[in-house]
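A.B. asks: Quick one: the structure is below, and I'll ask about it shortly.
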Amino acid sequence: MELKITKATTLKNKPDESKLGFGKFFTDHMLEVSYTREKGWYNAEIKPFGNLSIHPASTVLHYGSEIFEGLKAYRRKDGKVQLFRPIENARRLNTSAERLGLPQIDENECVELIKKLVEIDIDWVPHEEGTSLYIRPFMFGNDETLGVHSIHAAKLVVILSPVGAYYAEGLNPVKICIETADVRAVRGGTGYAKCGGNYAASVRAGEKAEKKGYSQVLWLDGVERKYIEEVGAMNVMFKINGEVVTPMLSGSILPGITRKSSLELMRDWGMKVTERQISIDELITAVKSGTLEEAWGTGTAAVVSPIGYLFIDGVEYKINDNKIGPVTQKLYDNLTSIQWGKIKDEKGWTVEV
Ligand code: PLP
Ligand code: COI
């Protein structure tokens, strides 16, 4: 695909790196690629960051045909910049696209386009400890008709945002509220896809949790409301009686890249790690009996986040004395050392820009 590059004539002032938060600032450029069934993907363009112009009947505005990804560019000590497992994000973008009836894209080409965009805005990759450049590719159906039909036109857009910690708590444990009324996804639905609709349906429960003082919601399965699924923006793991357990990929949870990487690292370290169903009763019994040693979440934005409190049915349970546990800490240290290039990447997970 040919790539047209139009540079911004005026550059924005960069934000204070100690006050980035998450997703509040955007860089000088963005990538936009168009698709039609007739032409395939065409008109790849890196251009000044700005508003999109779409038809009021565009599919995405009415029927929610939207998917997205999240990955990061990290600045190493030597000043160079690297991405973490970008091909995994391109693969998952295609898995999500397949589920939503959106078009497939060549995965290597997708990574190359992202690298090019990051290269152009490379000065936006922040330097402070714990900061990175969050990369948000998204694709949406863009047919200009109100019929609910297969998608003939689409766009792929990539925007970049310098970020700090996702949670205000940073690496301090977060408080999570288990949702027993709303459900996020069911098998056969779109749970395994990273589509906007999954998040739209989660906002109500998230708001309820926030009002009670919790950072995010932990979802239970959509059929029996009995088994643990995942948190709003991360997969979850528990250490019970010396064994790490995490919900298996059943079709209703997102196959997280941080999850996959964490499982691989822990298995390399010789730890017992099991992917299976975990019922809420098992978890509460483990908390009460003191066998739940640690709980944490994994995600690109959230990195590795210890969970200090779990709330369900009017009761709050404290985990590991609301402190980060040794496995959570080791995972955080190892993953972030690979991501920020502080240790040699034995896994071949990182890609230099
Ligand atoms: N689960 C949900 C619902 C998410 O939004 C995310 C974030 O991307 C994750 C899990 C973690 O996935 P990953 O590690 O690929 O970022
Ligand atoms: C990510 O970690 O990349 C995510 O997509 C989480 C997001 C919903 C904030």
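A.B. asks: Provide the three semi-axes, in whole Å and in decreasing order, of the ellipsoid equivalent to the chain as defined by the square roots of 5 times the Cα gyration tensor eigenvalues.
C.D. replies: Listed largest to smallest, the semi-axes of the chain are 34, 25, 18 Å.
A.B. asks: Hey, another quick one. Arranged from highest to lowest average of other beta-carbon atoms within 10 Å per residue, in what order do the peptides 84-95, 315-326, 192-203, 47-58 appear?
C.D. replies: Packing proxy ranking, top to bottom: 84-95, 192-203, 315-326, 47-58.
A.B. asks: Counting other C-beta atoms within 10 Å, and keeping those with at most 12, which DSSP coil GluC sites (Glu not before Pro) do you find in the range 1-84?
C.D. replies: Here the sparse-neighbourhood loop sites are GLU2, GLU38.
A.B. asks: Of ALA168, ALA205, GLN82, which is farthest on the positive side of the dipole of the chain, counting Cα position, with +1 on Lys and Arg Cβ, -1 on Asp and Glu Cβ, and the Cα centre as origin?
C.D. replies: ALA168
A.B. asks: If you don't mind, there's one more thing I want to ask. Among SER58, PRO15, ALA295, which residue has its Cα positioned farthest towards the positive end of the charge dipole of the chain, with +1 placed on the Cβ of Lys and Arg, -1 on the Cβ of Asp and Glu, and the dipole taken about the Cα centre?
C.D. replies: With unit charges placed on the Cβ atoms, the residue in question is PRO15.
A.B. asks: Right, here's the next one. Using a Förster distance of 30 Å, how high is the FRET efficiency between LYS24 and ILE122, based on the Cβ-Cβ distance and rounded to 0.05?
C.D. replies: Efficiency, rounded to the nearest 0.05: 0.90.
A.B. asks: Note down the Stokes-Einstein diffusion coefficient of the range 174-339 in µm²/s, whole number, using a Kirkwood radius over alpha carbon pairs, 20 °C, and 1.002 mPa s.
C.D. replies: Roughly 136 µm²/s, to the nearest whole number.
A.B. asks: Give me the dipole magnitude in Debye, nearest 20, for the range 1-147 about the Cα centre, with unit charges on the beta carbon: positive for Lys and Arg, negative for Asp and Glu.
C.D. replies: So the dipole magnitude of the range 1-147 works out to roughly 360 debye.
A.B. asks: Could I ask something else about it? So which trypsin sites (Lys or Arg not before Pro) in the range 19-69 end up in coil per DSSP with only 10 or fewer other C-beta atoms within 10 Å?
C.D. replies: Filter output for the range 19-69: LYS39.
A.B. asks: Still on this structure, I have one more. Tally Lys and Arg at +1 and Asp and Glu at -1 over the other residues with C-beta under 13 Å from the C-beta of GLU207: what net charge comes out?
C.D. replies: With Lys, Arg at +1 and Asp, Glu at -1, the neighbours total +1.
A.B. asks: Any idea what the dipole of the range 174-339 comes to, in debye rounded to 20, about its Cα centre with Lys/Arg Cβ at +1 and Asp/Glu Cβ at -1?
C.D. replies: 180
A.B. asks: Put +1 on the Cβ of every Lys and Arg and -1 on every Asp and Glu Cβ in the range 174-339; which of GLN339, ALA181, TYR309 then has its Cα farthest towards the positive end of the dipole?
C.D. replies: Most positive-ward Cα: GLN339.
A.B. asks: Scanning the chain for helices, which whole DSSP H stretches are 30 Å or more long along the axis (Cα) and average 1.6 or more by Kyte-Doolittle?
C.D. replies: Once both thresholds are applied, nothing remains.
A short reminder: the numbers here are calculations on the coordinates, not readings from a lab. Since this is a predicted model, take the numbers as computed values, not measurements. Glycine gets a Cβ as well: all are built from the backbone with ideal geometry, and neighbour counts include every protein chain shown.
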